[in-house]
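Participant: The structure under discussion is supplied below as structure tokens; questions concerning it will follow.
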Amino acid sequence: MNCRECVDHLYEFLDRELTPELEREIRAHLEDCPPCDEQYDFEELYLKFLRARCRTQGAPAELKKRVLRELFGE
Amino acid sequence: MAKTPPQDVSPPLDEKRAGFEREALVHLDVLYRVALRLTANPSDADDLVQETMLKAYRAWDQYEKGTNAKAWLLTILRHAFINEYRRRTRHPETVDVDTIEPYAVFSEVQDDDPQGAFFDKIVDDQVLRAIDQLPEAFRETLVLSDVEGLSYQEIAGILEVPIGTVKSRLFRARQLLQGKLYDYAVEMGYIKGSPA
């Protein structure tokens with residue numbers, strides 16, 4: 001595995017969408033390659049940041065009432 | 001109050017309602033967040049969710065109980081959006097999103113901020129606004145993955161595209177968004193650098 005291939009699989013790795021074999025190959029590459037390892041860490045932090053910023057909002061209480069009213073007449 | 005309905009009608013209805021509440025209504029927050037990013041308008045998002053729930057309740061008998069209600073509901077929501085909202089709220093893209101080449105932020109920040117500390121200074125609203133500026137095909141893929149945590153397989157099913165397309169759009173969407181957030185951080189003075 002070279003750096004280019006490693007970076008190409010970056011998000012699939014972080015999303016846990018790779019086969020165990022490919023995952024192992026990447027782990028091995030990251031251990032030997034500090035620049036790739038640093039980039040993986042950076043992207044992992046970025047994805048965590050996105051999740052933290054985007055999942056806070058829920059449906060308004062009024063909408064929930066409206067849906068219940070419409071579906072069940074309450 | 002009308003007289004009591006016959007015994008053979010009432011229990012299944014209660015059952016239907018209980019099942020729908022248990023499996024579908026629990027996803028109201030998910031549907032709302034996705035609707036809000038698709039329509040970019042709270043009042044349209046309300047209507048889209050309402051319509052999705054009505055359609056889902058009517059079609060509830062066709063849903064195979066205990067499978068994947070979230071993905072099933074999101075598919076209904078997306079169809080409703082395409083058929084009834086997209087035409088009037090946003091224009092379909094004229095650019096070919098699959099040719100957009102994103103900008104590599106990491107190489108810019110590698111020396112000064114490899115831990116991405118500048119991200120922490122960017123607030124929720126700013127991130128959501130940046131997501132809303134993404135091309136629609138990128139936006140919907142990124143929202144299903146990063147906001148709602150769906151798998152590539154589930155996203156491919158909802159968007160009706162091959163998994164390879166999900167991968168490539170997600171990669172580009174995340175990089176494009178990162179570039180926008182980086183530019184914003186530079187503009188605000190959260191990090192030294194030159195905007196892309």
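Participant: What does a probe at B:ASP111 reach in the stretch A:9-44, counting residues whose amide N is under 16 Å from the point 7 Å along Cα→Cβ?
Facilitator: none
Participant: Could I ask something else about it? Could you work out, for the protein assembly as shown, what percent of all Cα-Cα pairs fall into each 10 Å distance bin, beginning at 0 Å and stopping at the bin that holds the largest distance?
Facilitator: P(r) over the protein assembly as shown, rounded to whole percents: 6, 26, 30, 21, 11, 4, 2, 0.
Participant: Under the definition of partner shielding as Cβ atoms of other protein chains within 10 Å of a residue Cβ, what is the mean value for peptide A:15-22?
Facilitator: Per-residue shielding by partner chains comes out at 2.
Participant: Within straight cross-link reach of B:LYS167, meaning Cα distance under 14 Å, which aspartates and glutamates are found once same-chain residues fewer than 8 apart are removed?
Facilitator: Once the sequence-local aspartates and glutamates are set aside, what remains near B:LYS167 is A:ASP8, A:GLU12, A:ASP15, A:GLU17, B:ASP98, B:GLU140, B:ASP146, B:GLU154.
Participant: Taking the Cα centre of the protein assembly as shown as origin, work out the dipole magnitude from +1 charges on Lys and Arg Cβ and -1 charges on Asp and Glu Cβ, in debye rounded to 20. Let's see the in-between values first.
Facilitator: Working: 36 positive and 51 negative charges, 289 e Å.
In total the dipole reaches around 1380 debye.
Participant: First select every other residue whose beta carbon is under 9 angstrom from the beta carbon of B:LEU142; then total the charges, Lys and Arg +1, Asp and Glu -1.
Facilitator: Working: positive: B:ARG37, B:ARG139, B:ARG169, B:ARG174; negative: B:GLU140, B:ASP146.
Local charge sum for B:LEU142: +2.
Participant: Follow-up question, since we're still on this one. Across the stretch B:16-25, in residue order, what do the Karplus-derived ³J(HN,Hα) couplings come to in whole Hz, using 6.51 cos²θ - 1.76 cosθ + 1.60 with θ = phi - 60° and x for Gly and Pro?
Facilitator: For the stretch B:16-25, the Karplus curve yields 4, 4, 4, x, 5, 5, 6, 9, 9, 5 Hz.
Participant: Moving to a separate point now. Kindly write out, for the stretch B:39-55 in residue order, the coupling ³J(HN,Hα) from the Karplus curve 6.51 cos²θ - 1.76 cosθ + 1.60 (θ = phi - 60°), rounded to whole Hz, with x marking Gly and Pro.
Facilitator: Values per residue, Gly and Pro as x: 8, 6, 7, x, 6, 5, 4, 4, 5, 5, 5, 4, 5, 4, 5, 5, 4 Hz.
Participant: Same structure, new question: Between B:SER168 and A:ASP37, what FRET efficiency follows from the Cβ-Cβ distance if R0 is 22 Å, with the result rounded to 0.05?
Facilitator: For B:SER168 and A:ASP37, the calculated efficiency is 0.35.
Participant: Please work out how much length the chain gains when fully extended from B:ASP120 to B:ASP132, using 0.36 nm per residue of separation minus the C-alpha to C-alpha distance, in nm with one decimal.
Facilitator: Gain on stretching B:ASP120 to B:ASP132: 2.4 nm.
Participant: Per-residue counts of other Cβ atoms within 10 Å, averaged by peptide: what ranking do you get for A:30-36, A:47-53, highest first?
Facilitator: Order by mean packing, descending: A:47-53, A:30-36.
Participant: Shape verdict for the stretch A:19-74, please, from the Cα gyration tensor: rounded (a/c under 1.5), prolate (a/b greater than b/c) or oblate.
Facilitator: Oblate is the answer for the stretch A:19-74, as a/c is 1.5 or above yet b/c matches or exceeds a/b.
Rule-based calculations on the coordinates, nothing more; no lab input. Since the model is a prediction, treat every value here as computed from it, not as a measurement. All Cβ positions, even for glycine, are placed from backbone atoms using ideal geometry, and neighbour counts span all protein chains on display.
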